[in-house]
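Worksheet: the structure to be examined is printed underneath.
The values are calculated or read from the model by the stated rules, or taken from the named source; none is laboratory data. Since we're looking at a predicted model, the values are computed, not measured. In this analysis, Cβ positions are derived from the backbone assuming ideal geometry, glycine residues included, and neighbour counts consider all displayed protein chains.
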Amino acid sequence: MSGNDDAAKTAKIEVWWDMMDCPIPEGYDARQVRPSIEKAFTKRGYSGPVSITAYGDQIETPCHVLRALSSTGVAVAQTRSDSTRSVMYRDMVEWRGQNPPPATILIISDQVEGDLSWDLARLQQRTRYRLFLAYSMKPCSDRFLFRNANWRWGQLLEKEEVGTPPSLVAGGLSSAAMFYCKSCNFDCQSLKKFRKHLSSYNHGMEEAIISLDTRLVCVTKNWARNYPATPEHATAKILVLWNMKDCPIPDGYDSRRVRPSIEMAFKELGYSGPVSITAFADQKETPVHHLLALSSTGVDFAHTLPWVEYSRMVSDFDRWADDNPAPATVMIISDELALRKSHSSLICRRLQKFNYNSFLAYSVRPFEMPVLATSAEWLWESLLAVSETRRHILHKCSESERVVASTGMFSCKLCLCDCKSLDDFNKHLLIKEHTKEEKRIITHSQSFPRRQRLYKISNYHDEVGYPPKNKRKRKAPWNGFLPRSLRFTRR
Ligand SMILES: [Zn+2]
Ligand SMILES: [Zn+2]
């Protein structure tokens, strides 16, 4: 792991900068941009060579700024303002294709949120780069996109200005400084030529007639749903996190077939690594015969309540990730995690962070493509049917009606306690400490809508001012409920 880390820290750093979203402040020396960015990286231990491209409508950029930028090796790209975002993204995708990791990416823009972050999060799950963002007004608040930092553009420039004399200019025009016109596919190394090009008839015509697609092209949208295993994943471990409530065992289905079905589906795609399965649910509602049968096939049980199911899943995942670095595969069986928003963000961020391969199964095919970038997806029902056609393999197992002694683990994710047998587990679910913990979580979750409302009210007051001037000032009733930090934090 540390070897990978070292390589990442000295790897190249590529910067895509939207100059219109994040402009150079009035009076700021443009020659400081590069050293400021470099210092921000150095501070975090990244020492690789930095290349920066500044995008925007450069007709509006003063000559001395262009000169200053290029003198410090910042490349300048001409784009129509309305297509800067899509051109920048297209260039980044192309760069990724030519520059395999390890490498670091910095996107300086106010327009990362939305389809860009969705597509980027999926790209990052498949091929992981260190990702940094910077913004001036509008930070990307999509929680599913994992980034190493989200800098404020102003601060990024400000902090570094003090005490850093502009020294890079002495060498004159850097060899890295190129000028590009993205509308005409034109490039040169001379500012004079570039200005001349921008004011030329041909350029004007090109920008007027071409209908540059201003819409972002999401490259992961046409990714297939099932890929055969890559050599590195073929024999790697597979962790299965199964939400039994979303994807229950159908009536009459022999639950001893769950594990073989899952394993066979994996094998069909070339995955033969060891599979560990944990079933999450309020296990008091799971029929005993399912508990016995599943655990006899080595399925682990985690007892949770609906409100904490995903957080417990994620903490299980984290613990597993500590001991199992990539390559490995994580399978999520859940309807909720197949949704674009919702809890999937927690899992998605971790998949980007750890660079795992991922599978997904759901009871209903999601309407939108999930942000989880999967190598394989199944409908729960058809996944369970996989073993049906190959009954002979199961013959030995189904021969006897008697369930063998359990091999799976039972754990209560509310009290964080592990039980080796179903008997112990059942006993645990009845003890006072457990009941108390369960009650505490239920009470907490029931008060959630109320706390959420109070939080929103406090945000509203924060925006419009409180109390209204024509009313007598009195202590707000919500004062006692929310900690100060929550009351005045705006997201
Ligand atoms: Zn042009
Ligand atoms: Zn418990």
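Helices (runs of 4 or more DSSP H) fully within the range 235-323 that include at least 3 residues being charged (D, E, K, R): 258-268, 309-323. Which one is nearest to ligand 1 (Cβ to nearest atom) among residues in the range 187-220 that are hydrophobic (A, V, I, L, M, F, W, C) and more than 30 Å from residue 114 (Cα to Cα)? If we take residues in the range 187-220 being hydrophobic (A, V, I, L, M, F, W, C) and more than 30 Å from residue 114 (Cα to Cα), then 198 is nearest to ligand 1 (Cβ to nearest atom). Being in contact with an Asp or Glu (Cβ under 6 Å, 6 or more places away or on another chain) and among the β-branched types (Val, Ile, Thr), is that true of even one residue in the range 90-103? No, the conditions are met nowhere in the range 90-103.
For the range 114-159, taking the residues that are of a type in the set (A, V, I, L, M) and in a loop (DSSP other than H, G, I, E, B), the one that is farthest from the chain's Cα centre (by Cα) is identified as 137. Residue 53 falls short on exactly one of the conditions (1) touching a Leu at 6+ places or on another chain (Cβ under 7 Å); (2) outside any helix (DSSP H, G or I); (3) of a type in the set (Ser, Thr, Tyr), and that condition is (1). Within the range 321-357, being touching a residue at least 12 places away in the same chain (Cβ under 8 Å), polar (S, T, N, Q) and closer than 22 Å to residue 308 by Cβ holds for 334, 344, 345. Can you find a residue that is more than 16 Å from ligand 2 (Cβ to nearest atom), at pLDDT 85 or above, in the same structural domain as residue 292 (by TED's automatic domain parsing) and not acidic (Asp, Glu) anywhere in the range 393-405? There is no residue in the range 393-405 that is more than 16 Å from ligand 2 (Cβ to nearest atom), at pLDDT 85 or above, in the same structural domain as residue 292 (by TED's automatic domain parsing) and not acidic (Asp, Glu). Within the range 301-316, the set of residues being closer than 22 Å to residue 430 by Cβ and in contact with a helix residue (DSSP H, G or I) (Cβ under 9 Å, 6 or more places away or on another chain) comprises 301, 302, 303, 304, 305, 306, 307, 308, 309. Scanning the range 15-67 for residues that are acidic (Asp, Glu) and touching a residue at least 24 places away in the same chain (Cβ under 8 Å), we see that the one that is surrounded by the most Cβ atoms within 10 Å (Cβ to Cβ) is 18.
Taking the criterion of being among the small types (Gly, Ala, Ser) and within 19 Å of residue 151 (Cβ to Cβ), the residues of the range 26-40 that qualify are 30, 36, 40. Kindly establish whether residue 371 is β-branched (Val, Ile, Thr), in a helix (DSSP H, G or I), more than 16 Å from ligand 2 (Cβ to nearest atom) and modelled with pLDDT of 75 or more. So residue 371 fails the test. Taking the range 301-311 as the range and being surrounded by 21 or more Cβ atoms within 10 Å (Cβ to Cβ) and of a type outside the set (Val, Ile, Thr) as the test, the residues that pass are 301, 302, 303, 309, 310.
Yes/no per residue for (1) at pLDDT below 75; (2) away from ligand 2 (no atom under 16 Å from the Cβ); (3) surrounded by 13 or more Cβ atoms within 10 Å (Cβ to Cβ):
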site	(1), (2), (3)
410	no, no, yes
414	no, no, yes
423	no, no, no
426	no, no, yes
437	no, no, yes
440	no, no, no
451	yes, yes, yes
461	yes, yes, yes
